[in-house]
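What follows is a single structure, written as structure tokens, with notes after it.
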Amino acid sequence: MNKIVTLDEFIIQNQEMHQDAGGHLTRLLRDIGIAGKIINREVNKAGLVNILGIDGSANISGDEVQKLDVFSNEKMIECLRSGGQCCGIASEELDEFIRFTNKQSMNSDYIVVMDPLDGSSNIDVNVSVGTIFGIYKRKSKAGTKLKADDFLQKGTDLVASGYVLYGTSTILVYTTGNGVNGFTLDPTIGEFCLSHPDIKIPQRGNYYSVNQGYYLKFDVEMRRFIDECSDMNLRLRYIGSMVSDIHRIMFQGGIFLYPNTRKYPEGKLRLLYECNPMSMIVEQAGGKAMNCRLERILDLPVSHVHQRSTIAIGSPDMVDEMKTFVQRYSAVPV
Ligand code: P6P
């Protein structure tokens, strides 16, 4: 029987690879792991404790907010505040970023961006949902008042990123810029255990993932590429949960697309806490991620916390093929 390597052990063993001598990133990653376990507990019993349903509010992006969204956001904030290893958070569920005011947190170098429960519209129908997080070093001096500018950092400046997928099992996948590793939660011991070391995305795959319902609203170059995927007998897999759809691609290969539409001319997905963290993970696993104007996601300037972006992300060969369709058919020179 192989030795069980828990998330905590793995993070500590690899601490020397973080640019973080003091172990603060180590403790911050562990705090996120704890929050993931707490959210997992509630997600797994959501159908039993009447935590389902809409709580009537809506977040700044206009999405109806499900109660588990609110719970997950609050738990992540609680765990990070009490852990004292980050000085502020930007979240899909918060109109503005928040600063932590306890002394230990204020002196931390790190900030967290997150979508505490992505794909939450799936909760009531028992489809997988996920938590997405990214970790940056603050730009302003530790101990001073955190500024909005601290959060407006490109994806290339991410120190770490990851996701927790609450699916048939619960898996935490993260990177600190030295490859990607996956940890499956063993509920009998309450630990995330190393289950998918050194994840590498296949060069190509048999899946494409896009909301086919918007096909006629996509630009011609996207429609031509989607037609090509269909002509090549690729299988369409799309469950409306970014973490789930991209997690499949991480292991089986493929491409995930969320192009611009009339409703979302800049794309629907948020750059700071959805596209950038997922793009760092996919790139670290050997994949590619660009917007539909063929700009690398991680290089995109971030101008506000809830900025949206189009995205094409996944196996490198398939993202390259999408690129040729845009170059060939786009009405706007790229
Ligand atoms: P649509 C979930 O609301 C989400 O933010 C992503 O997880 C998902 O990929 C996308 O939106 C689904 O959007 O417009 O296809 O329902």
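Some points to look at:
- Residues of region 128-145 that turn out to be more than 13 Å from the ligand (Cβ to nearest atom) and among the small types (Gly, Ala, Ser), as a count: 4
- Residue satisfying condition, being of a type in the set (Ser, Thr, Tyr) and closer than 23 Å to SER120 by Cβ, within set TYR273, TYR208, TYR215: TYR273
- CYS193 vs. criteria assigned to a helix (DSSP H, G or I), away from the ligand (no atom under 13 Å from the Cβ) and either within 21 Å of PHE133 (Cβ to Cβ) or out of contact with any helix residue (DSSP H, G or I) (no Cβ under 7 Å at 6 or more places or on another chain) (or both): no
- Residue tally, condition among the β-branched types (Val, Ile, Thr) and surrounded by fewer than 24 Cβ atoms within 10 Å (Cβ to Cβ), over region 85-99: 1
- If you go through region 202-228 and keep only what is of a type in the set (A, V, I, L, M) and away from the ligand (no atom under 11 Å from the Cβ), you end up with LEU216, VAL220, MET222, ILE226.
- Residues in region 91-127 that are more than 16 Å from the ligand (Cβ to nearest atom) and in a strand (DSSP E or B): ILE98, ARG99, TYR110, ILE111, VAL112.
- Near pairs, Cβ below 9 angstrom, 6+ apart or cross-chain, from region 162-178 (free of Cβ contacts under 8 Å to residues at least 24 places away in the same chain) to any residue that is part of a strand (DSSP E or B) and β-branched (Val, Ile, Thr): SER169/THR184
Every number in this text was worked out from the coordinates using simple rules, so none of it is lab data. Because the structure is a prediction, the values reported are computed rather than measured. Virtual Cβ from ideal backbone geometry, glycine too; neighbours counted across all protein chains shown.
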